[in-house]
Each structure stands twice: as C-alpha cells, then as structure tokens.
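*Asks:* This is the structure I want to talk about, given as structure tokens.
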Amino acid sequence: MREENIDAVASEIFDVAIIGGGINGACLYNQLCSEGRHVILLEKADFGSGTSQASAMMVWGGLLYLGSLDFRAVYSFSSSRDKMIHDMAEWVSPCWFRFLPAQRGLLSKAPVALALYLYWLIGQFKRGRPRIEKQFPEKDLLARDNISLMFEEARIRQSDARFVLHWITRNTDSGGVALNYCELEDGEFSVGENTWHLSARDRIGNQEINFRTRSVINCAGVWTDRLNASFGIPSPYKHVFSKGVILGMRRHLDQVAPMIFDMGEHNDVITSIPWGPIGLWGPTETAVPDIEQGFSASPEDIHFLLNQYNRCYRRAATRKDVVSLRCGIRPLVVEASYDKDEYPLELSRRSRITVNKGKSWVSVYGSKITGCRSLAASVARRLDAILPERQKIHTGEIPADRASAETFVFPGLVEKFPTIDWCMEHEYCNTLEDYLRRRTNISQWVPREGLGYEDENLPLLREMSLTLAHGNRAKAEQHLAAYRADVANRFDRVLENV
Ligand SMILES: Cc1cc2nc3c(=O)[nH]c(=O)nc-3n(C[C@H](O)[C@H](O)[C@H](O)COP(=O)(O)OP(=O)(O)OC[C@H]3O[C@@H](n4cnc5c(N)ncnc54)[C@H](O)[C@@H]3O)c2cc1C
C-alpha cells in the first residue's frame, strides 16, 4: 500500500499537503478527503507517534479551565465532547469521573460542587447531573478518608493512537495519499504557477519524493514553528512546550471509575484512569525549553509521580509497579512576543489558525484531541477562502471502519488485537513499535514494552519481526535488536535510576 502511494505522487498535483499525522493532521485529512479535496498527508515517523500517542485519552469539556475563568474554552470543548459522544459511539464513550478534593470537609467540598454544577451548566446539561458520593467502591484503596464528587465526561475507547489511525484508514479508497515515515524537508513556492514544489524524504526506502501541491497545511504539533521557519513563513503566534508524563501502573482491580485527585496547588489535578490491565497515573506538567528535552520520561518525573501516588493510595507503589511509560509535549499557543515564565496550566489551551494567503500556507497552533473535529472544520473553511475550487477526487462513499481484522491474543492479556500481518496490509504498519505501541496496546499493557520482565515474550516478538521482514532472518534480527535497544533506553535505564 505504502510503496504504491509513493510511486504515484510524483506525477500528481495535490490540492493540499498536510504536514503531520497526529490527531490534528489525521482528522483534517479525513475532513478534506470527504469534501472532495485531493490530499497528501505526510508524517515523518509513524502516524500518531508524536504527542498524540501520549495523552490521557480523556475527551473532556475542559473542567480545569474554569480555574482560569476561560468559559469560552469550556463551552467549546464541552460541545466538541458531546458531539463526539453522539456521532462516534464506537470510538468515544461517556464515562463518570470521581473527583476527590484536596481537603476533607464542607469547606473543600462546596467550591468543587459549585464548579461542577457550573461546568454542567456551561455544557448545557448534556451530561449527567453531578452528585456527591460518601460511599464508593474505591474508598478502601485511598490513603485518606475522602468524599467524592461524581461528574460525567467521556474517554476514547481503544487508544489515542488507534483513534488517530482510524481517521486515515477510513479514507484508504478516497483518492487521498497518506505516507508515514516521510518527512517534509524542502520546497519552493512558484508564484507564476501558484503551486508549491515540495521534497520529502522516505525514511524507509531512503529516497527523495518530489511532488506539487496548491496549498500546505502545517499540522506539525510542537514542530510547527520549526517548519514555518524553514519555509520562511512568519506567524503572530508560537508554541511553548509543556512536557507531560503518565505512568502505566499495575491496576487495582477494585478501581472501577477514573479518579481525579485535587493536588491542592496551581488548580492542578492528577488522574488515575483504568485502562485494560493498567491504570494511567499522571500527567506531569513541566515547562521545557525545547522539543529535544521533552519526549522522554526522566527518573525525576517518575519519582515525582510515584510520590504523588503514595500520597493518594493506601498501598505504596514502587518502580516495580510501573508497567509502562507515556511521554509527550503539549503544544501551547502564545503570541509570538510572549516571554513570561508561567506555570503551563495557566496558559490557554485554545487553538489558533493562521493563513498566509500569498503562499497558500495554513498553520495550526495548539490543540486537544477533544477539539479535533471542530478544528478540522475550521481549517477547512479557512482553506475554502484561499482555494475555493476542488478536484472532486473522492467520488464514492467513505468505507466503514474495518471490522473484519484477523485477531489474536497476546500472552497475559485477554483482549483480542489485529494480527501483525493484517496491520501490515491494512494499517501502514512498518516496525515492531508501530505494531506493539500504536496498532495494539501490547507495549503499554505488558511490562518492558511487550518483552516481559524476563524477556519471556522474546520468541513471539522474534516471530513478529520475521513477518515484518517478509521472512528475511537477517532483517528480522535487525528489527528485533533495534526494538530491544529502544526499550533499554526508554524504559529499563530510566527506571533503574529512579
Ligand atoms: C500527557 C498529555 C496528556 C494529554 N491528555 C489529553 C487528553 O486527555 N485529552 C485531550 O483532548 N488532549 C490531551 N492532550 C493533548 C493532546 O494529546 C495534544 O494536544 C494533541 O495530541 C496534539 O496533536 P497534534 O496533531 O497537534 O500533534 P502531534 O501528535 O505531535 O502530531 C504532529 C506530527 O507532526 C509530525 N511532523 C513534524 N514535522 C514534520 C515534518 N517535517 N514532516 C512530516 N511530519 C512532521 C510529527 O512527527 C508528529 O507526529 C494531552 C497531552 C499530553 C502531553
């Protein structure tokens, strides 16, 4: 599928090139394909492998932004959440969350209850009415006797990475071209032709790909400023970076509802979200000066999260209870002249779109998974203003999500996942990490990213590598060695130093 796509692009003139296959780029790809645009989507690594694979997978109305009195953000995120619950039941499900205030007693309960009612009101009463619960199943797990306030939100069902992927795979037959492991490197705008001549690097075939497009949409997340700078696109905005780490902890089986613990400072909270055999514990919120410092969890992040965990839960956890790590950088939009040093949670989470009409270049700043559809619709409207005519490439119906995958069960898990062969054929799967981390949840649910504490799953991963390498044993060993080296760096060494 990928090779066919690469061969086809050189002779094409696309309406739009979307750069970045995270949630923003993927959802926009779906929007524009369904509008009859001829679209190419380029992702320098795997789809969803940037910030989008590191989220808490909550589809929420922005409760925390009440703290900064950003009612518009709360209104718009709540509407997005409710539309997703309504239109995308297969992907997004409503879910009750348990809020646990920092202090006991009436004084701490009253403001939280008031805030939850205000939240419910701004959300136009579309979710269940908030309520107080004195007795609840998780009570015995907690370090302190606490009351709980229940309110309704939503969450992504399978995983954030699969959520990204589905926006792309459902357009496989739409005439659009989606390429992972292709990095946009260079290009020039021809004023006479009103067309971009772009050049990308196929990181798998190690070849240059050249193509033409009448517009570009920069959806590169935290890389947006870098891309704009290298193509000479000025902007009134820029991103500041906030690193977020989440631990996948061995799950307390008595925990049914996701819990939100008030941290008692900065209006911040920490969440514990049951997800298969683990509970997601986090996230952290740390301003980082650059992208390079942000995409790996440090021993300090883990230490901080374990300390918080042991403040909240009765049974103390150690690094041995950490099954997996998630780490991403939030792209937070600020004015280009911004130079303050604020706690990242104080900054707005709204998104911004800028249009450079002369060069037919659109840039997307900031984002949440929750707002992806409304953001895609807004970007599409802005594109209409600079590129009204369409090529009407997409003629048929968008095929339904593929339900007919061949499945198998990984040792130690009960859930069924699509097989690696199936994902290679239908879902742009190229590496062991693509499969274990983003096509399935195996690397998040099985210790040491699927290898097991004692490497007990190595033979199975070797078989998978052989499938990836189409039977070539030498190549298969390279796949496996690269994966094991990554696990040693990303997981083993970090935890050893906690
Ligand atoms: C810890 C944490 C928890 C979060 N929890 C939630 C939550 O519960 N709910 C929610 O709604 N949001 C949440 N978010 C926010 C949300 O995850 C992000 O805002 C969102 O995923 C950003 O998506 P994106 O598409 O803008 O960026 P990304 O996912 O980073 O995608 C950008 C892509 O562009 C690619 N790219 C960059 N340069 C190039 C190039 N030159 N050529 C080709 N490709 C390129 C990158 O490889 C990357 O994949 C959370 C974020 C974090 C960090």
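Since every read-out is calculated from the coordinates, none of them should be taken as a lab result. Keep in mind that this is a model prediction, so the values were computed, not measured. With ideal geometry, Cβ positions are generated from the backbone for all residues, glycine too; neighbour counts draw on all protein chains shown.
*Asks:* Per DSSP H run of n ≥ 4, the term is -39500 (n - 2.57); total these for the chain, divide by its residue number, and report the mean residue ellipticity at 222 nm rounded to 500 deg cm²/dmol.
*Replies:* Result for the chain: -8500 deg cm²/dmol, rounded to the nearest 500.
*Asks:* Which whole-number percent is the relative contact order of the chain (Cα, under 8 Å, 6+ apart)?
*Replies:* Relative contact order of the chain: 20 percent.
*Asks:* Another question about this same structure. Reachable aspartates and glutamates from LYS134, Cα under 16 Å, same-chain residues fewer than 8 places away excluded?
*Replies:* Filter leaves ASP145.
*Asks:* Next up: I need the fraction of alpha carbon pairs in the chain separated by more than 39 Å, rounded to a whole percent. Display every interim value, and only then the final one.
*Replies:* Values: 28700 of 123753 pairs.
The proportion of pairs with Cα distances above 39 Å equals 23 percent.
*Asks:* Also, I was wondering about something else. Go through the cysteines of the chain and tell me which have no other cysteine Cβ under 4.7 Å away.
*Replies:* Unpaired cysteines in the chain: CYS33, CYS95, CYS182, CYS219, CYS312, CYS327.
*Asks:* Okay, next question. Name the GluC sites (Glu not before Pro) in region 188-280 that are in a loop by DSSP and that have at most 11 other C-beta atoms within 10 Å, would you?
*Replies:* Qualifying residues, ordered by number: GLU193, GLU265.
*Asks:* Among LYS83/LYS368; LYS368/LYS416; LYS109/LYS139, which pairs are too far apart, with a Cα-Cα distance over 25 Å?
*Replies:* Pairs exceeding 25 Å: LYS368/LYS416.
*Asks:* Follow-up question, since we're still on this one. Quick check on region 297-373: what are the equivalent-ellipsoid semi-axes from the Cα gyration tensor, as sqrt(5λ), descending, whole Å?
*Replies:* 37, 15, 11
*Asks:* Using alpha carbons only, how many angstrom separate the centre of region 11-63 from the centre of region 268-337?
*Replies:* Measuring centre to centre over Cα atoms gives 25 Å.
*Asks:* Along the three principal axes, how long is region 50-122 when you take its alpha carbons, biggest first, rounded to the nearest angstrom?
*Replies:* Over region 50-122, Cα extents along the principal axes are 40, 24, 23 Å.
*Asks:* Holding the Cα-Cα limit at 29 Å, pick out from LYS243/LYS320; LYS243/LYS359; LYS126/LYS238; LYS126/LYS243 the pairs that are longer than that.
*Replies:* Over 29 Å Cα-Cα: LYS243/LYS359; LYS126/LYS238; LYS126/LYS243.
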